[in-house]
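Worksheet for the structure shown next.
Since every read-out is calculated from the coordinates, none of them should be taken as a lab result. Keep in mind that what you see is a predicted model, and the values were worked out from it rather than measured. Ideal geometry is used to build each Cβ from the backbone, glycine not excepted, and the neighbour counts take in all protein chains shown.
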Amino acid sequence: MKKKLKAALEEAVTRDTSTRGNASQFFVAGELCRRGYAAVVTMGNTPNTDVLVSDIEGRRFVHVQVKTFVPGNRTCSLSRKAEKTYGRNFFWVLCGLPKKDSAATVCFYVIPAEVLARNVAESHKIWLKTPGKKGQEHRDSNMRTVAIPPRKARNGWSIEKYLNRWDLIEKRLKG
């Protein structure tokens, strides 16, 4: 019985995480469409692009990777691929998606991939060198984190200045 309950709980958490992640991608695409761009959610068919964005003429493109966090949480979890730059037309959007009964609003941190990659890698290296709570050595894994304001990363970096910075994407789409 305990195994079935545990499996059901794990499935519910996975489903909630998946649903929230999907919702975040649509919120990001919707915001870009609202701003006059064509934005398509790739539905997992492109490993490094959750939302493909173009100008209306279809001449310039930007790739967006979306990660979801709950506003009020200390961090947003990412994978090791956050340490890759992918090029000037790649961006991460960290979407703060409130839980359904919350009065909080959706928030977006629009961060160029090269900026995120550099800071995530630096912060992770510092974390690896820092002893754990009981003095133990940290083990490397595929997980990375970004501190959510007002918190700062271990290297002192803050994503605060990237709140609603859609202009960074717009600049790439306008050439």
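Using the Cα gyration tensor of the chain, with a ≥ b ≥ c the square roots of its eigenvalues, what is the shape: rounded (a/c below 1.5), prolate (a/b larger than b/c) or oblate (neither)?
Oblate, because a/c is 1.5 or more while a/b does not exceed b/c.
What share of the DSSP beta bridges in the chain is antiparallel, in percent to the nearest 5?
Around 75 percent antiparallel, to the nearest 5.
Calculated from DSSP H runs of 4 or more alone, at -39500 (n - 2.57) each and per residue, what is the 222 nm mean residue ellipticity of the chain, nearest 500?
That calculation yields -11500 deg cm²/dmol at 222 nm.
Students often check this: by mean Cβ neighbours within 10 Å, which of 127-133, 104-110, 161-167 ranks highest, and how do the rest follow?
In decreasing order of mean packing, 127-133, 104-110, 161-167 become 104-110, 161-167, 127-133.
For MET143 and ARG35 in one chain, what is 0.36 nm times their gap in residues minus the Cα-Cα distance, to one decimal in nm?
35.6 nm
Once you order the gyration tensor axes a ≥ b ≥ c over the Cα atoms, which shape class does region 67-132 get: rounded for a/c under 1.5, otherwise prolate or oblate by comparing a/b with b/c?
Taking the square roots of the gyration eigenvalues as a ≥ b ≥ c, region 67-132 is oblate.
Compute the relative contact order of the chain as a whole-number percentage, counting only Cα pairs closer than 8 Å that sit 6 or more residues apart in sequence.
18
Taking 21 Å as the cut-off for C-alpha to C-alpha distance, list the pairs among LYS84/LYS125; LYS81/LYS134; LYS81/LYS171; LYS129/LYS161; LYS84/LYS133; LYS67/LYS99 that go past it.
Beyond 21 Å between Cα atoms: LYS81/LYS134; LYS81/LYS171; LYS129/LYS161; LYS84/LYS133.
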